[in-house]
1. May I ask you to list pairs of residues, at least six apart or on different chains, whose Cβ atoms are under 8 Å apart, with the first in the range 48-63 being over 16 Å from residue 35 (Cβ atoms) and buried (at least 17 other Cβ atoms within 10 Å of the Cβ) and the second being among the basic types (Lys, Arg) and at pLDDT 95 or above?
2. Which count do you get for residues in the range 215-237 that are over 15 Å from the mean Cα position of the chain (by Cα) and within 15 Å of residue 150 (Cβ to Cβ)?
3. Looking at (1) under 19 Å from residue 217 (Cβ atoms); (2) assigned to a helix (DSSP H, G or I), which one does residue 38 not meet, given that it meets all the others?
4. Can you confirm whether the range 139-147 contains a residue that is surrounded by 17 or more Cβ atoms within 10 Å (Cβ to Cβ), at pLDDT below 95, more than 14 Å from residue 90 (Cβ to Cβ) and touching a Cys at 6+ places or on another chain (Cβ under 9 Å)?
5. Can you pull out the residues in the range 124-138 that are crowded, with 19+ Cβ neighbours inside 10 Å and more than 11 Å from the chain's Cα centre (by Cα)?
6. Name the single residue that is surrounded by the most Cβ atoms within 10 Å (Cβ to Cβ) among those in the range 99-123 being free of Cβ contacts under 8 Å to residues at least 40 places away in the same chain and not hydrophobic (A, V, I, L, M, F, W, C).
7. Restricting attention to the range 207-235, and to residues there that are outside any helix (DSSP H, G or I) and of a type in the set (D, E, K, R), which single residue is farthest from residue 176 (Cα to Cα)?
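The values are calculated or read from the model by the stated rules, or taken from the named source; none is laboratory data. Worth saying up front: this structure is predicted, and the values here are computed from it rather than measured. Note that each Cβ is placed from the backbone with ideal geometry, even for glycine, and that neighbours are counted across all protein chains shown.
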Amino acid sequence: MTSPPPPGRPRTALVTGGNRGIGLETCRRLAAAGLDVVLAARDRERGRAAAEQLARAGYPVRSEQLDVADAAGVRACAERLAADGVAVDVLVNNAGVYPTAPFFELDEATLGESLQVNLLGAFRTCQAFVPEMVRRGYGRVVNVSSGGGALTDNVPSPAAYGIAKAALNALTLVVSAAVPAAVKVNAVCPGWVRTGMGGPGAPLSVEQGADTVVWLALLPETGPTGGFFRDRRRIPW
């Protein structure tokens, strides 16, 4: 059986890259669902501005500076939250970068940045927050991946992005196998979404892109774990 939150405390979600696009919409929808939300952003001021935007719309959230590419910064964020009594029940690893260089034009620094943010960022946050989920007997981890990282689809597309997202999918399976079923760990392909990353020509709105992310973040006890999903349906790795 999963443990309910302590009396008087709703579940708390932390969303990386929460200041814009899919991350911001995820924060809004989780707050609307009654969760306490920590909007984490690499840029402190942009994070605060996004939190203020949500607050004006009736969705108060906590803003936290968090650069997932900085291991010490991830640890410091976890320590700040713990010191304030904030227990993270839901972790949405949404922060990402999208380098587009073809493979033979790709330099090592660009590949390294993609791995630092898209893969190691989620590795760091999982190590920082998932052990306490296990201890409390409840957790939801959502890794925002891409069909561009699916080995059965078109990986690597683009090269540095596809390689990192394929590795993020592998991380999803590794973490899901390392925790009890009460902590559900899944990956999601939100599709091609009209964001700063996806561009104005993308066919999906941020509301559509965030839908499966939020669904996985709010899974019931009987929900799936260790899967890769698009449009709330499991897809091949």
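1. Pairs that qualify, where the first residue is over 16 Å from residue 35 (Cβ atoms) and buried (at least 17 other Cβ atoms within 10 Å of the Cβ) and the partner is among the basic types (Lys, Arg) and at pLDDT 95 or above, are 50/20.
2. 6
3. So the condition that residue 38 fails would be (2).
4. Initially, the range 139-147 is screened for residues surrounded by 17 or more Cβ atoms within 10 Å (Cβ to Cβ), giving 139-147.
Filter once more, keeping what is at pLDDT below 95: 146-147.
Now restrict to residues that are more than 14 Å from residue 90 (Cβ to Cβ): 146-147.
Filter again for touching a Cys at 6+ places or on another chain (Cβ under 9 Å), leaving 146-147.
Within the range 139-147 (the criterion being surrounded by 17 or more Cβ atoms within 10 Å (Cβ to Cβ), at pLDDT below 95, more than 14 Å from residue 90 (Cβ to Cβ) and touching a Cys at 6+ places or on another chain (Cβ under 9 Å)), the answer is yes, since at least one residue qualifies.
5. Taking the range 124-138 first, the residues crowded, with 19+ Cβ neighbours inside 10 Å are 124-126, 128-130, 133, 138.
Selection gives 124, 128, 129, 130, 133, 138.
6. Keep residues of the range 99-123 that are free of Cβ contacts under 8 Å to residues at least 40 places away in the same chain, which gives 104-105, 107-109, 112.
After this cut, where a residue has to be not hydrophobic (A, V, I, L, M, F, W, C) as well, the list is 105, 107-108, 112.
Working: 105: 9, 107: 11, 108: 8, 112: 14.
Once the filter is applied, the top-ranked residue is 112.
7. Filtering the range 207-235 down to residues outside any helix (DSSP H, G or I) leaves 218-235.
Restricting the remaining residues to those that are of a type in the set (D, E, K, R) gives 221, 230-234.
Working: 221: 15, 230: 18, 231: 21, 232: 18, 233: 18, 234: 15 Å.
Among residues in the range 207-235 that are outside any helix (DSSP H, G or I) and of a type in the set (D, E, K, R), the one farthest from residue 176 (Cα to Cα) is 231.
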